[in-house]
Amino acid sequence: MPLAPGSQAPSAEVLAADARAQALGELWRSGPALLFFYRADCGASEVAGRVLPRFSELPGLAVAAISQDGAAETRAFSRVSGWDDRVRSLRDPEPWPASEAFGVRATPSWFLTAPGGRIVAVAEGWSRDDANGLAAEAARLLGSLPVVVARPDGPEPALRPG
């Protein structure tokens, strides 16, 4: 069961692209953060991964993708998904301590945190409505207008379980 809204997000360590350890708590130190846990071989993660960069249209939101894969798969998924520098690509190496700390049982799993790390919203799998709801909640935290990250007429399906 994933951590529930209202819980404090754990500042677990993950690996940055250069293989250096990074504490997740650095992401929400100065503002809200969206954490996206995924696996490259997950169809729902593939759909959600293509939408993830659109969250970066919310200035001040840290967007991080946390892979449960090896370094090569993580780089390939990031490249295919078109993340560039809009999404921070991180790895949770086996035995997946960050995923365990957040209670991730399905991919993708999303956690929106407020500044300071309080979890505000959680979603699992791919849902257009959930993605747009996360974007709206992030905009609320930032005091900005929401962005639509998944259009009703877009190429992404309305729903794809993780």
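Structure notes:
- Of the residues making up the stretch 138-162, those that are touching a residue at least 24 places away in the same chain (Cβ under 8 Å) and not in a loop (DSSP other than H, G, I, E, B) are 138, 139, 141, 142, 159, 160.
- Checking residue 99 against (1) assigned to a loop (DSSP other than H, G, I, E, B); (2) hydroxyl-bearing (Ser, Thr, Tyr); (3) under 22 Å from residue 29 (Cβ atoms), the condition it does not meet: (1)
- Per-region count, the stretch 111-136, residues of a type outside the set (Ser, Thr, Tyr), out of contact with any Lys or Arg (no Cβ under 6 Å at 6 or more places or on another chain) and touching a residue at least 60 places away in the same chain (Cβ under 8 Å): 16
- Inspection of the stretch 2-16 identifies no residue that is buried (at least 19 other Cβ atoms within 10 Å of the Cβ) and of a type in the set (S, T, N, Q).
- Scope the stretch 11-52; condition part of a strand (DSSP E or B) and either touching a residue at least 40 places away in the same chain (Cβ under 8 Å) or under 14 Å from residue 64 (Cβ atoms) (or both); matching residues: 13, 14, 15, 22, 23, 33, 34, 35, 36, 37, 38
Taken together, the values in this text are just the output of simple stated rules run on the coordinates, not laboratory data. A quick note: this is a predicted structure, and the numbers were derived from the prediction, not measured. Positions of Cβ are backbone-derived with ideal geometry, glycine not excepted, and every protein chain shown enters the neighbour counts.
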